[in-house]
Amino acid sequence: MALRSKAYPDNVPGAFFVDTSCIDCGTCYTMAPDVFLDAGDHSSVHHQPSEIQRMRASMALLACPTGSIGSEDKASMAEALGAFPDPIEDEVHFCGFTAENSFGAWSYFIRREAGNVIMDSPRAAQPLMKRIAEQGGVKMMVLSHQDDVADHAAFRERFECERIMHSGDRYPGLERYIEGDDPVQLDPDLLFIPTPGHTAGSACLLYRETFLFTGDHLWWNPKREMLSASKNFNWQSWPQQLKSLEKLLDFEFRWVLPGHGASKRTDTPEEMRKELERGLEYLKKL
Ligand code: SF4
């Protein structure tokens, strides 16, 4: 729970604040940029929310992995508790309730007639579990790599979902492991794409040739305004990660939905391909 006595001095005065336990995961300023900003090695409140912005700020407070956001204004809190999974487009939702042991990585909920899917694990917060149960539970949990697994065991226990990961990370105890470098069709609308490089077992999930869930492999960098990846936060091989990024040019999608960093939407797959080519050109020079 955030403490007013430990609030950063760069928060503007008012009900909402960020305290010194912030790990700078980026969730709050990605979710509610009108209220929170990236203040260097932490986030802070740059503008107290208006009536309209208060709901989004309250949702960011709940999504924060470390409970580093506090507020004396609880007016939207009950509504915010029931607002996750938060719709992105069509059947795809953001789970909110990020976990500290996944460094605040984002996870996603796909509501499908053929069975709901979660991409990477959120925190097993009761309000989220309850809402997911109301929406039909979870058939499958796909894990992009070993770092974004959070509370996967609690979801398995509650929903008996099949947990799927690439074998390259040697992460134990799951129901299914994908081997090799070839894409694997998990269902007609779900393609598991091995993309080693960030870790040996890193993978993306493509849904309906529209939504690409990328874990820590690829994201949108709003400061550079381009698709990006991190050479510094690379745990297997940067050349291998570049090769895996190039491999994504073979697929059609118009959303990039990452674990960390911002998401990116384009109107057409062609525009996204151009963005990926532009990002790759930059990344290859690093
Ligand atoms: S969501 Fe929490 S940990 Fe992440 S940047 Fe905001 S205050 Fe910090």
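Would you say Arg131 is over 18 Å from Ala203 (Cβ atoms), surrounded by 15 or more Cβ atoms within 10 Å (Cβ to Cβ) and either in the same structural domain as Glu91 (by TED's automatic domain parsing) or touching a strand residue (DSSP E or B) at 6+ places or on another chain (Cβ under 6 Å) (or both)?
So Arg131 fits the description; yes.
Give Ser58, Ser50 a once-over and let me know the one that is over 22 Å from the mean Cα position of the chain (by Cα) and away from the ligand (no atom under 12 Å from the Cβ).
Among Ser58, Ser50, only Ser50 is over 22 Å from the mean Cα position of the chain (by Cα) and away from the ligand (no atom under 12 Å from the Cβ).
From the list Ala83, Ala32, exactly one residue is away from the ligand (no atom under 15 Å from the Cβ) and under 30 Å from Cys204 (Cβ atoms). Which is it?
Residue meeting the stated conditions: Ala83.
List the number of the failed condition for Leu37; all other conditions in (1) within 15 Å of the ligand (Cβ to nearest atom); (2) crowded, with 20+ Cβ neighbours inside 10 Å hold.
(2)
Can you tell which of Leu205, Leu190 is crowded, with 18+ Cβ neighbours inside 10 Å, touching a Lys or Arg at 6+ places or on another chain (Cβ under 9 Å), at pLDDT 95 or above and within 25 Å of Met129 (Cβ to Cβ)?
Leu190
Counting just the residues of segment 61-80 that are over 20 Å from Tyr8 (Cα atoms) and assigned to a helix (DSSP H, G or I), which one comes out nearest to the ligand (Cβ to nearest atom)?
So the residue we want is Ala80.
Looking only at segment 1-18, filter to residues that are in a loop (DSSP other than H, G, I, E, B) and near the ligand (Cβ under 10 Å from one of its atoms); which one of those is nearest to Cys64 (Cα to Cα)?
Ala2
Which one of these is in contact (Cβ under 8 Å) with a residue 60 or more places away in the chain, surrounded by fewer than 21 Cβ atoms within 10 Å (Cβ to Cβ), closer than 21 Å to Pro87 by Cβ and of a type in the set (D, E, K, R): Arg254, Arg265?
Of Arg254, Arg265, the one residue that is in contact (Cβ under 8 Å) with a residue 60 or more places away in the chain, surrounded by fewer than 21 Cβ atoms within 10 Å (Cβ to Cβ), closer than 21 Å to Pro87 by Cβ and of a type in the set (D, E, K, R) is Arg265.
Considering every residue within segment 265-283, establish whether at least one is under 28 Å from Cys64 (Cα atoms), touching a Leu at 6+ places or on another chain (Cβ under 8 Å), at pLDDT 95 or above and assigned by TED's automatic domain parsing to the domain that holds Ser102.
The answer is no; no qualifying residue exists.
Considering only residues of segment 86-101 that are of a type outside the set (A, V, I, L, M, F, W, C) and within 12 Å of the ligand (Cβ to nearest atom), which is surrounded by the most Cβ atoms within 10 Å (Cβ to Cβ)?
Thr98
Of the conditions (1) part of a loop (DSSP other than H, G, I, E, B); (2) modelled with pLDDT under 95; (3) not polar (S, T, N, Q), Ile52 satisfies every one except a single condition; which number is it?
Checking Ile52 against (1) part of a loop (DSSP other than H, G, I, E, B); (2) modelled with pLDDT under 95; (3) not polar (S, T, N, Q), the one that fails is (1).
Do any strands (runs of 3 or more DSSP E) entirely within segment 135-249 hold 2 or more residues that are of a type in the set (D, E, K, R), and if so, which?
Answer list for segment 135-249: 162-166.
Filter segment 144-170 for residues that are surrounded by 17 or more Cβ atoms within 10 Å (Cβ to Cβ) and either free of Cβ contacts under 8 Å to residues at least 12 places away in the same chain or in contact with a Gly (Cβ under 7 Å, 6 or more places away or on another chain) (or both) and give the result.
Ser144, His145, Gln146, Asp148, Phe159, Met165, His166, Gly168, Asp169
Taking the condition outside the structural domain of Ser263 (by TED's automatic domain parsing), without any contact (Cβ under 8 Å) to a residue 40 or more places away in the chain and either assigned to a helix (DSSP H, G or I) or within 8 Å of the ligand (Cβ to nearest atom) (or both), does Ser21 pass?
For Ser21, the condition - outside the structural domain of Ser263 (by TED's automatic domain parsing), without any contact (Cβ under 8 Å) to a residue 40 or more places away in the chain and either assigned to a helix (DSSP H, G or I) or within 8 Å of the ligand (Cβ to nearest atom) (or both) - is not met.
The values are calculated or read from the model by the stated rules, or taken from the named source; none is laboratory data. Here the structure is a predicted model, which is why all the values come from computation and not from measurement. Virtual Cβ from ideal backbone geometry, glycine too; neighbours counted across all protein chains shown.
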